[in-house]
2 protein chains.
Amino acid sequence: MTETALKQQALRLGKQAKVAARRLAPLSSAEKNRALLLMAEKLEAKSGFLVEENQKDLEFATANGVSSAMLDRIALDPGRVRAMAQGLREVAALPDPVREVVKMWRRPNGLQVGRMRIPLGVIGIIYEARPNVTADAAALCLKSGNAVILRGGSEAHHSNQAIGAVLREACAETKVPQDAVQVVQVKDRALVNELLQLEEYIDLIIPRGGEDLIRAVVAHSKIPVIKHYKGICHVYVDSDADLQMAEKICFNAKVQRPSVCNAMETLLVHEAVAPKFLPAMIEKYRSAHVEVRGCARTCALVPGITPATEADWSTEYLELIISVRIVKDMDEAIDHIERYGSEHTESIITTSYQKSREFVDRVNSSAVMVNASTRFNDGGELGLGAEIGISTSKIHAFGPMGLEELTTTKFIVFGDGQIRE
Amino acid sequence: MTETALKQQALRLGKQAKVAARRLAPLSSAEKNRALLLMAEKLEAKSGFLVEENQKDLEFATANGVSSAMLDRIALDPGRVRAMAQGLREVAALPDPVREVVKMWRRPNGLQVGRMRIPLGVIGIIYEARPNVTADAAALCLKSGNAVILRGGSEAHHSNQAIGAVLREACAETKVPQDAVQVVQVKDRALVNELLQLEEYIDLIIPRGGEDLIRAVVAHSKIPVIKHYKGICHVYVDSDADLQMAEKICFNAKVQRPSVCNAMETLLVHEAVAPKFLPAMIEKYRSAHVEVRGCARTCALVPGITPATEADWSTEYLELIISVRIVKDMDEAIDHIERYGSEHTESIITTSYQKSREFVDRVNSSAVMVNASTRFNDGGELGLGAEIGISTSKIHAFGPMGLEELTTTKFIVFGDGQIRE
């Protein structure tokens, strides 16, 4: 495709989305839910078609020798299609944030002033691999009254197209405009860069995927981007920790699902409890095949530990590797977090009231926890109902983003003829 | 200055601000207020010095033949210095948003989850002319726990430097780090572009000034920018309007202060009341020297009206000119607003309950009003205490931005040993 054709194509997507967004914004919750439930029904009814189309992606991927982990991420089967449909039904059941008045007050001159939630408008999602993102992200955008432009990875091209076609078919039978959900058909990556220029038509870009993808989006976008680059999460075991609780949480935070952004990467332990706590903890990690890399003091305390290098402290392993550091107090733990952390998730294990308060006040990560596993930094787990991603940008949203974070508020003002003097 | 030197200078400003932001964030309200009150005291005590330095800017401006309106914007006298000090005292008296827990809930597993306000970190303000912005913006950033880098226009260079020096002198006698307030000394505009690259050190950019300045900032910035380009505000006089009230509001919205963004630029009138309403309204405008440009129907109704061109509907006059259009119903009024408006401020004048509801629901501007002057779209007037600007970006803040809009929230999570299954 020529550059001109790509520009035109991007502009067409943007304009169609903006028109759809204006028609979508005033719809009632019932009308939007009707579309979501119909989408779920149709996905299940067309399960055979979806699995067939997915087969094309799998064949292409196999021919190109991708890893079995990647194949698993791309694959759809009837069970996964059902799960996708179920996800849509869950979004339909969530409260609609649009037109909620979040606050209202009265001014001395009698004006009544409030803030009402409204959709952002048009959201662009740029993602990789898993085709279920197509349905999940579309559902969250639709429910919050936003039109969405979805641009998935080429490795799931046929699957994403097929899911998009089914979702749009459902829209056509409801008041939701079809262009509220657009799945980009052009495979050329240059189209993404054209989309990122359309600040007049697209209000927000959410990239989901590896750090390289996200950095490329941020570098090219004129549109605000909400993202997180990585999650280097810490657990700090304080001198006043309940060590049994600490062991349980530290094991869970590292081992339960190591491949995700809210898994712990570095364990910080107060020197007063390190001799009692670390040998057993490390033994437990080893029994779960976790490779432990330690600071000099950790290596001196427990035989056979790989020494951690400077690079280890700022590495997001996303696998069964952990770095461990003994610190002399909470100040040193917080210094370490500020220096090497990614402002994602940190947890303190302590029985001290005063230290729990201080840790929560001083650490400014997107989620700061006391006596809980970092794995809880997730929209579903924290009670947002669902999440479209986790943000470590502080602007607009910080932490997991649910439906409310896909809205903004306008001021509404009710008067009786007030003028300014 | 060479490009390398500029880069180093920008980086130094950014790094110093980030260090200061970390020291500023945990300070108590009392500590921040102490600095604000001391700043006010010192500004008044050094009024002579400030007026002297301001004289240099005025002389330079006069030598360069700037307009008398611009000279007035730059000028400082003891009264204006007192007003600036008073502004700081008012900010000190506002409630501190930092560490406010805005919401808290409990999860089925016993986790207690909340959202706590925290400062954004480092804010860059790029502005023109009025030197009082230096003190106002510094105060709002400081109160909300943010370090600020201030880059004013070269036309007020000496005044801004002098104000900055006094503010920093006050910081030095309190716990607020001096680098919480940095006024850029380098006059070279290229430094601004270097600052706009520092996404690692600066969290938010707020440009204040003309549309050209703002577009240049948006085009170059890697950092999120909150801004508004212009305010094309509408009043729609409905068929069910109280016409006396309508006349009072329409006059106020246009005439009370025409040079500001929340002044009305276009008046939309329902055809059913136009014959009764418009002749007297236009007479009233003319008596206040307002030039009226009308649609064909307006011109036919009232003799001697200049016909409005297509360009008029999307022009922010910022002076005593108004465009007037007769519409056949509210749908046509809203279509006009969507097509030509800037999502800033729109007001309906009506006695109809149903139409007030519909207008407020359907118009998604930063402030949507019923029976009130558009001039109320202002942080102080709407009850935010003060404002650092008005945003028509929907991301993060939409409408006037007060102290709360200079914060974000982190999730805080209190557990008793919870792990994910």
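Is there a pair in A:Lys46/A:Lys254; A:Lys410/B:Lys248; A:Lys227/B:Lys355; B:Lys15/B:Lys394 whose C-alpha atoms are over 31 Å apart, and which pairs would that be?
Working: A:Lys46/A:Lys254 39 Å; A:Lys410/B:Lys248 25 Å; A:Lys227/B:Lys355 40 Å; B:Lys15/B:Lys394 29 Å.
From A:Lys46/A:Lys254; A:Lys410/B:Lys248; A:Lys227/B:Lys355; B:Lys15/B:Lys394, over 31 Å: A:Lys46/A:Lys254; A:Lys227/B:Lys355.
Below 8 Å, C-alpha to C-alpha, sequence gap of six or more: please give me the relative contact order for the range B:3-227 in percent.
28 percent
What is the Cα coordinate range of chain A on the first, second and third principal axes, sorted by size from largest, in whole angstrom?
Result, largest extent first: 72, 66, 39 Å.
Return the sequence-ordered ³J(HN,Hα) values of the range A:244-249 in whole Hz as given by the Karplus equation 6.51 cos²θ - 1.76 cosθ + 1.60 applied to θ = phi - 60°, using x for Gly and Pro.
My calculation for the range A:244-249 gives 5, 4, 4, 5, 5, 5 Hz in order.
Charges only on Cβ, +1 for Lys and Arg, -1 for Asp and Glu: so what's the dipole of chain B about the Cα centre, in debye to the nearest 20? Write out the running numbers ahead of the final one.
Values: 51 positive and 54 negative charges, 257 e Å.
The dipole magnitude comes to about 1240 debye.
Among B:Asn109, B:Ile223, B:Ser154, whose Cα lies farthest out toward the positive end of the dipole of the range B:3-227, if unit charges sit on the beta carbon of Lys, Arg (+1) and Asp, Glu (-1)?
The residue sitting most towards the positive pole is B:Asn109.
With a sphere of radius 15 Å drawn around the Cβ of B:Thr351, what net charge do the other residues whose Cβ falls strictly inside it have (Lys, Arg +1; Asp, Glu -1)?
On the way: positive: B:Lys248, B:Lys276, B:Lys355, B:Arg357; negative: A:Asp416, B:Asp238, B:Asp240, B:Asp242, B:Glu247, B:Glu358.
Value of the local net charge: -2.
Where both partners of a DSSP beta bridge lie in chain A, what percent of those bridges are antiparallel, to the nearest 5?
On the way: 16 of 54 bridges.
Antiparallel: roughly 30 percent of the beta bridges in chain A.
Would any residue of the range A:265-289 have its amide N under 20 Å from a label point 7 Å out along Cα→Cβ of A:Leu320? List them or say none.
The answer is A:265-267, A:279-289, whose backbone nitrogens lie closer than 20 Å to the label point.
Helix-only estimate, please: 222 nm mean residue ellipticity of chain A, summing -39500 (n - 2.57) across DSSP H runs of length 4 or more and dividing by its residues, to the nearest 500. Walk me through the intermediate numbers first.
Numbers: 15 runs with 181 residues, N = 421.
Helix-only estimate at 222 nm: -13500 deg cm²/dmol.
What are the residues whose amide H is under 5 Å from the amide H of B:Leu94, where those residues sit 5 or more places off or on another chain and H is modelled from the backbone?
Those lying under 5 Å, H to H, from B:Leu94: there are none.
Distances from B:Tyr353 to the same position in the other copies: list them in nm, one decimal, shortest first, using label points 7 Å from Cα along Cα→Cβ.
Shortest to longest, the spacings are 5.2 nm.
How large is the charge dipole for the range B:22-101, taken about the Cα centre, if only the Cβ atoms of Lys, Arg (+1) and Asp, Glu (-1) carry charge, to the nearest 20 debye? Kindly include the intermediate steps, with their values, before the conclusion.
Numbers: 12 positive and 12 negative charges, 77 e Å.
In debye, rounded to 20, the range B:22-101 gives about 380.
Taking the Cα centroid of the range A:1-48 and of the range A:268-294, what is the distance between the two, rounded to the nearest whole Å?
Result: 51 Å between the Cα centres.
Would you mind ranking A:Ile337, B:Ile388, A:Ile223 so that the residue whose beta carbon has the fewest other beta carbons within 10 Å leads the list?
Numbers: A:Ile337 24, B:Ile388 27, A:Ile223 21.
The fewest-first ordering by Cβ neighbours comes to A:Ile223, A:Ile337, B:Ile388.
I'd like the distance separating the alpha-carbon centroids of the range A:139-160 and the range A:336-358, in whole Å.
Comparing the Cα centres of the range A:139-160 and the range A:336-358, I get a distance of 36 Å.
Could you work out the mean count of beta carbons from other protein chains within 10 Å of each residue's beta carbon in B:395-403?
Working: counts 12, 8, 4, 8, 5, 1, 0, 0, 0.
That average works out to 4.
Between copies, how far apart are the A:Asp72 label points? List them in nm, one decimal, shortest first, with each point 7 Å from Cα toward Cβ, please?
7.2
Starting from a label point 7 Å past Cα on the Cβ side, list the distances from A:Ala190 to the same position in the other copies, nm, shortest first.
Output for A:Ala190: 3.2 nm, nearest copy listed first.
Among rounded, prolate and oblate, which fits the range B:275-403 when a ≥ b ≥ c are the square roots of the eigenvalues of its C-alpha gyration tensor, a/c under 1.5 means rounded, and a/b larger than b/c means prolate?
Working: a/c = 1.90, a/b = 1.59, b/c = 1.19.
Since a/c reaches 1.5 and a/b is larger than b/c, the shape of the range B:275-403 is classed as prolate.
Check which residues have an amide H placed less than 5 Å from A:Gly294's amide H, if you skip close sequence neighbours.
Residues meeting the criterion, in which the H sits 1.01 Å from N, are A:Thr306, A:Ala308, A:Val324.
Please arrange B:Ser365, A:Ser347 by counting, for each residue, the other beta carbons lying within 10 Å of its beta carbon, fewest first. Intermediate values should be presented prior to the final figure.
Values: B:Ser365 27, A:Ser347 30.
With the fewest neighbours first, B:Ser365, A:Ser347 line up as B:Ser365, A:Ser347.
Please list, by residue number, every one of the trypsin sites (Lys or Arg not before Pro) in the range B:291-330 that is coil in DSSP and has at most 14 other beta-carbon atoms within 10 Å. Each step should come with its number before you reach the end.
Numbers: sites: B:Arg293, B:Arg297, B:Arg325, B:Lys328; in loops: B:Lys328.
When the trypsin sites (Lys or Arg not before Pro) of the range B:291-330 are filtered for loop state and at most 14 Cβ neighbours within 10 Å, B:Lys328 remain.
Which Cβ of chain A lies nearest the axis of the rotation superposing A onto B, and at what whole-Å distance?
Chain A residue with minimal Cβ-axis distance: A:His396, 2.
Assigning unit charges at the beta carbon (Lys, Arg +1; Asp, Glu -1) and nothing else, what dipole magnitude in debye, to the nearest 20, does the protein assembly as shown show about its Cα centre?
Numbers: 102 positive and 108 negative charges, 114 e Å.
Charge dipole, the protein assembly as shown, about its Cα centre: 540 debye, nearest 20.
Please list, in order along the range A:99-113, the HN-Hα scalar couplings obtained from phi with the Karplus expression 6.51 cos²θ - 1.76 cosθ + 1.60 (θ = phi - 60°), rounded to whole Hz, x for Gly and Pro.
Per residue, the Karplus-derived 3J(HN,Hα) values read 6, 5, 8, 7, 6, 8, 8, 10, 8, x, 7, x, 4, 9, 10 Hz.
Which residues' amide hydrogens lie under 5 Å from the amide hydrogen of A:Thr408, considering only partners 5 or more residues apart or on another chain, with H built in the peptide plane?
A:Ile118, A:Leu120
Among A:Pro307, A:Ser144, A:Tyr285, whose Cα projects farthest towards the positive end of the dipole of chain A, with charges put on the beta-carbon of Lys, Arg (+1) and Asp, Glu (-1)?
The one lying farthest along the dipole's positive direction is A:Ser144.
More than 47 Å apart: what percent of Cα pairs in the protein assembly as shown qualify? Please list the in-between numbers first.
Working: 97085 of 354061 pairs.
That tail contains 27 percent of the Cα-Cα pairs.
Could you work out how far the C-alpha centroid of the range B:194-210 sits from that of the range A:174-236, in angstrom?
If you average the Cα positions of each part, the centres end up 21 Å apart.
If the reach is capped at under 15 angstrom between alpha carbons, list the aspartates and glutamates near B:Lys18, excluding any in the same chain fewer than eight residues apart.
By straight Cα distance, B:Lys18 reaches A:Asp335, A:Glu338, A:Glu343, B:Asp179, B:Glu199, B:Glu200, B:Asp203.
What are the ³J(HN,Hα) values, in whole Hz, obtained from phi via the Karplus relation 6.51 cos²θ - 1.76 cosθ + 1.60 with θ = phi - 60°, for each residue of the range B:76-90 in sequence order, with x given for Gly and Pro?
With coefficients 6.51, -1.76 and 1.60, one gets 10, 9, x, x, 5, 5, 4, 4, 5, 4, 4, x, 5, 5, 5 Hz.
Read the figures in this text as sums done on the coordinates, not as results from a lab. From a predicted model like this one, the values you see are computed outputs, not experimental measurements. Glycine also receives a Cβ, built like all others from the backbone with ideal geometry; neighbour counts cover every protein chain displayed.
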